[in-house]
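Contents: one structure, followed by commentary.
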Amino acid sequence: MKGVGAAMPKWNETLRKPVNLEQQINICRGERMQAAPWKFGSAELTAMETYVRSQSRGMPVSPRVDGPMTPWFEKGKQLYYTRHGQLDLACASCHERNHGKYLRADFLSQGQSNGFPVYRLRDQRLVPLHERMEGCIFDVRGVPYPPLSDEAVALELYVAWRGTGLPVETPAVRN
């Protein structure tokens, strides 16, 4: 499993689209274990994602964005710069223009995903990336992308690419 967490999301030839680690875990559960998929955000799925990703701890983040991943990468980039909600903010509004500053009590990162799932002190539990993205869009009073949707996975791909070369830090700790 070493290296798996550093390279996600990955292209899935059968589905003809990228899948993230949570989706791949559930694919493996269904195909290899004949087990029911775990629900997004469940303690089981988040714990397994954390375990698998932590096997890549210290390895450089290295998602592929070429070949069939290119349109998904471009879609994720477009979503990263799309303004949302009543506050009219994009991911870039905070993570590019204001990184290193505080938004309320939260220190703003440069918008990379190398620490996810993260243990959030505020929530006192591990939080998956798609839940955090959903929370950010909700916080600007926008309509979030459903977790594990094509939009959320495309955005995850772009955010992972932004952290190319950074070490996997899963699980990281945040406010």
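The values are calculated or read from the model by the stated rules, or taken from the named source; none is laboratory data. Keep in mind the model is a prediction, meaning the values are calculated, not measured. We place every Cβ from the backbone using ideal geometry, glycine too, and count neighbours over all the protein chains shown. SASA here: full protein model, heavy atoms, side chains in, ligands and nucleic acids out. Shrake-Rupley method; radii C 1.70, N 1.55, O 1.52, S 1.80 Å.
Here are some notes:
- Residue within segment 92-102 that is touching a helix residue (DSSP H, G or I) at 6+ places or on another chain (Cβ under 8 Å) and either assigned to a loop (DSSP other than H, G, I, E, B) or of a type in the set (K, R) (or both) present: no
- Restricting attention to segment 2-35, the residues that are farther than 24 Å from P68 by Cβ, in a loop (DSSP other than H, G, I, E, B), open to solvent by 70 Å² or more (accessible area, probe 1.4 Å) and not basic (K, R) total 1.
- For segment 61-71, the candidate set comprises residues that are surrounded by 14 or more Cβ atoms within 10 Å (Cβ to Cβ) and out of contact with any strand residue (DSSP E or B) (no Cβ under 8 Å at 6 or more places or on another chain); within that set, the residue that is nearest to P146 (Cα to Cα) is V65.
- Taken as a whole, the structure leaves E74 outside the set of residues that are under 25 Å from T50 (Cα atoms), outside any loop (DSSP other than H, G, I, E, B), open to solvent by 20 Å² or more (accessible area, probe 1.4 Å) and in contact with a Phe, Trp or Tyr (Cβ under 9 Å, 6 or more places away or on another chain).
- Given (1) assigned to a helix (DSSP H, G or I); (2) farther than 20 Å from Y80 by Cβ, index of the condition R132 fails: (2)
- Among (1) touching a residue at least 24 places away in the same chain (Cβ under 8 Å); (2) within 23 Å of P171 (Cβ to Cβ); (3) among the β-branched types (V, I, T), the one test that V65 misses: (2)
- Pairs with Cβ under 6 Å, 6+ apart, first in segment 7-35 and touching a residue at least 60 places away in the same chain (Cβ under 8 Å), second in a strand (DSSP E or B) and open to solvent by 30 Å² or more (accessible area, probe 1.4 Å): P18/W11
- Residue in segment 92-115 that is under 27 Å from T70 (Cα atoms), touching a His at 6+ places or on another chain (Cβ under 9 Å), at pLDDT 95 or above and not aliphatic (A, V, I, L, M) present: no
- Reported count of residues in segment 135-156, each being in a helix (DSSP H, G or I) and either touching a strand residue (DSSP E or B) at 6+ places or on another chain (Cβ under 6 Å) or of a type in the set (G, A, S) (or both), is 5.
- Candidates V127, V159, V143, V118: the one that is under 18 Å from Q24 (Cβ atoms) and either among the hydrophobic types (A, V, I, L, M, F, W, C) or open to solvent by 10 Å² or more (accessible area, probe 1.4 Å) (or both) is V159.
- Screening the candidates H99, H84, H95 for the property of being within 21 Å of E134 (Cβ to Cβ), open to solvent by 60 Å² or more (accessible area, probe 1.4 Å) and not charged (D, E, K, R) yields one hit, H99.
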